[in-house]
Each structure stands twice: as structure tokens, then as C-alpha cells.
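Take a look at the structure set out below.
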Amino acid sequence: MGTLSIHFTAEDVARTRISRRPDPLWEIVCSLHRLQTKRGYTAYEGWHRQARQDLGRAGMNDLLRGTLLPISPLGRYFPDFLTPGDITGLDQGIDAVQHTEAVRVKEEIRLIPDPAGADVFLDDLAAGRTEAMHSLGDALRKYFEVAVAPYWTEISGVVADDRALRGTMMLDSGAGHLLDDLGPRCEWKAPILSIHGYPMDRHMHLGGRGLLLVPSYFCWQDPIALANPELPPMLVYPALRQRPAAAVGAPDGGRRLGPLIGGTRLAVLRAVVAAATTGEIARRVGISPATASHHATVLREAGLITSQRHANLVLHQITAIGRALLEN
């Protein structure tokens, strides 16, 4: 394993931005990665079970084995043309994939290490055969409809809240803190962002182009960059999600607190352990934003959380007293 070192200039820091919406092609690729490993299984356990069942019912297992998994291997190179950039939706993304220049497709397909079980299909892609590109587009669309689209509301909510939270980080602490918090193995020491545990040692010089940060629901722990340094720089990173109860302490942390403050209010308190907006609390707990705001007000007045307003955004964070109560 190596380190990806991203070199920033002052102009790059100023031009760094966060994608406005989830990228459907990146969610496809990252969710395909989730199917290839047990790492992070607990965080996606419900999706794993349901997606595998749905893919099987849709008769897509052969399509997965023969097309999608070989072209997007986990932990190794996969073609950059699968994730064409800052797109507005699935149709635009698949259209961009299918209209990739044949020379580029050939070059990137040849970089896939030891493609198992899909030699003929990948050879057809590399040869620029139109039918193969159409088949790839159809496979991406079918997979999205079965394994990603049913979760799009949740995906969009998590990405929107991540964007709001990181916007607050930048306002409060500057871009450096934002870049230092993109994953557990990320380290910002100006002017270099280091991502440890990358598949190889690599230096990426932005050269004044800035960096597009793309929060992803299915990206797990380690950010991913495009392999070709000539392409517009982007870094896909794991969007902040609710921590499991075990992260608060014992799995049943706060059990004795429930009868005192009520089950819903306890759930709201747990929801802000990693900081949360009012909208994120509502989604995590399954209540309306108005109800989430009411419970947050009560908890704030009790000294268990703090709330900070930034324009239309209210960010809630647990206090030391609130955390202590949850851990006992």
C-alpha cells in the first residue's frame, strides 16, 4: 500500500469545491466495490442483503460477473471513463460513457490488471465495438435501477447533509480542516493532502485547477481519485453518515436515559453524536423536520447539545454532559 499525495497551490485551495449532488456513476462504481468485499459490511448490511436478492431476482448475476465487476475491480485500477465528471444525472453520465473516444477506451481497458471472466467483453470494448459500448451502458442502467435507485432518496439526503456540514466546517475552521476530514487515513499538512493506504504511491499536482470533492454514499473510508492526471481533478470521499450505536459506547448506551427523556428524544441525542443538521436528524430518526427542531430545542435547553446557525443551516452537536449520559 502507498500514499496519494495531492499538491495544492493557494489558487487550488481557493478553487476547491464540493459537488452539489450525488454522482450516479460514482455511486454505481462504489456500490460495486461494496459487493466485492466484507470491509464496511456492517454499515451497509441492509443494502447488501436486499441488493443481492433484488439483483438475483432480476437475473443480473451473470451480468455482474461477466461485465460490471471485471470492469470495476476493487482496490485496483478501473477505467476513468466509467466516471466522466461533474454530471447532472444518470442519462447524461451513461451518454458520456458511451461516447468516450475509442482511443481512450482502448488505453484504459488495457490498464485493467488481470480481468477475470470477461476477456471477450473487455476485448470488444477495447476494439471500439459499438455494440459492446451499448451493452455496457445498458448494464450500468439496469444495475442502477435495481441496486441504487431504490436508495436514491437516502443517498441524496446523506450527500446534501455532508455538503452542508462541510460548508460549515469551512466557514468555521477554513479549507484546511475540510481537507483533513475526508477519511480516517487523510492528513492535511499544507500544501499537501496525503491519503495513506492508497493502492500505490502517487503524486497529484493540481497546478491551479482546483479540486472537485465528490461526497459518496457508497464510498467506504478511502477517497478515490481519477488515475489520469490530465483529467479535471476530482476526489470522491465517503460522505459523513450516522455512526452505529456502538460508536457511542456500549451498544445499548443510554438505555436508562430513555425512560427519563423519552425514546424519540434519546434517538435525537444519539443522532447528533457526530454532529447533524436538523434535516439529517429528521432522516436518521424518521421524524419530521419540525419535530426534530422541537426535540433539539428541548435538548439544547437542557444543556445536552449545542446548536449553531449559519444562514439557513442549523448544526447540532452533543455536549460533554450529553455524551456522558449516553455512555452510562
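The values are calculated or read from the model by the stated rules, or taken from the named source; none is laboratory data. Values in this document were obtained by computation on a predicted structure and should not be read as measured data. All Cβ positions, even for glycine, are placed from backbone atoms using ideal geometry, and neighbour counts span all protein chains on display.
Taking the stretch 126-139, which residues are aliphatic (A, V, I, L, M) and over 16 Å from residue 65 (Cα atoms)?
If the condition is that a residue be aliphatic (A, V, I, L, M) and over 16 Å from residue 65 (Cα atoms), then 126, 127, 133 are the ones that fit.
Kindly establish whether residue 119 is modelled with pLDDT under 95, surrounded by fewer than 17 Cβ atoms within 10 Å (Cβ to Cβ), acidic (Asp, Glu) and within 23 Å of residue 235 (Cβ to Cβ).
It is false that residue 119 is modelled with pLDDT under 95, surrounded by fewer than 17 Cβ atoms within 10 Å (Cβ to Cβ), acidic (Asp, Glu) and within 23 Å of residue 235 (Cβ to Cβ).
Being modelled with pLDDT of 90 or more and of a type in the set (A, V, I, L, M) is the filter here; which residues of the stretch 84-111 pass it?
Residues satisfying the conditions are 90, 94, 96, 97, 102, 103, 105, 109, 111.
Can you name the residue in the stretch 292-328 that is closer than 12 Å to residue 269 by Cα and of a type in the set (Lys, Arg) and, of all such residues, is nearest to the chain's Cα centre (by Cα)?
Here the residue is 323.
Is there a residue being among the aliphatic types (A, V, I, L, M) and under 24 Å from the mean Cα position of the chain (by Cα) anywhere in the stretch 76-84?
yes
Every residue, every condition in (1) over 30 Å from residue 191 (Cβ atoms); (2) among the β-branched types (Val, Ile, Thr); (3) surrounded by fewer than 19 Cβ atoms within 10 Å (Cβ to Cβ); (4) touching a Leu at 6+ places or on another chain (Cβ under 6 Å), yes or no:
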residue	(1), (2), (3), (4)
4	no, no, no, no
12	no, no, no, yes
30	no, no, no, no
36	yes, no, yes, yes
39	yes, no, yes, no
51	yes, no, no, no
61	yes, no, yes, no
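Answer yes or no as to whether residue 285 is within 18 Å of residue 159 (Cα to Cα), without any contact (Cβ under 8 Å) to a residue 24 or more places away in the chain, within 26 Å of the chain's Cα centre (by Cα) and crowded, with 20+ Cβ neighbours inside 10 Å.
So residue 285 fits the description; yes.
Just a yes or no: is a residue in the stretch 103-112 of a type outside the set (A, V, I, L, M) and under 24 Å from the mean Cα position of the chain (by Cα)?
Within the stretch 103-112, one or more residues are of a type outside the set (A, V, I, L, M) and under 24 Å from the mean Cα position of the chain (by Cα).
Just to check your reading of the model, which residue among 74, 140 is part of a helix (DSSP H, G or I), out of contact with any strand residue (DSSP E or B) (no Cβ under 9 Å at 6 or more places or on another chain) and in the same structural domain as residue 45 (by TED's automatic domain parsing)?
Checking each option against the conditions leaves just 140.
Check off (1) modelled with pLDDT under 90; (2) in the same structural domain as residue 112 (by TED's automatic domain parsing) for residue 147 and give me the number that stays unchecked.
(1)
Are any residues in the stretch 271-283 out of contact with any strand residue (DSSP E or B) (no Cβ under 6 Å at 6 or more places or on another chain) and either in the same structural domain as residue 217 (by TED's automatic domain parsing) or farther than 13 Å from residue 162 by Cβ (or both), and if so, which ones?
Residues satisfying the conditions are 271, 281, 282.
Could you go through the stretch 116-137 and let me know if any residue there is free of Cβ contacts under 8 Å to residues at least 12 places away in the same chain, among the charged types (D, E, K, R) and closer than 30 Å to residue 284 by Cβ.
no
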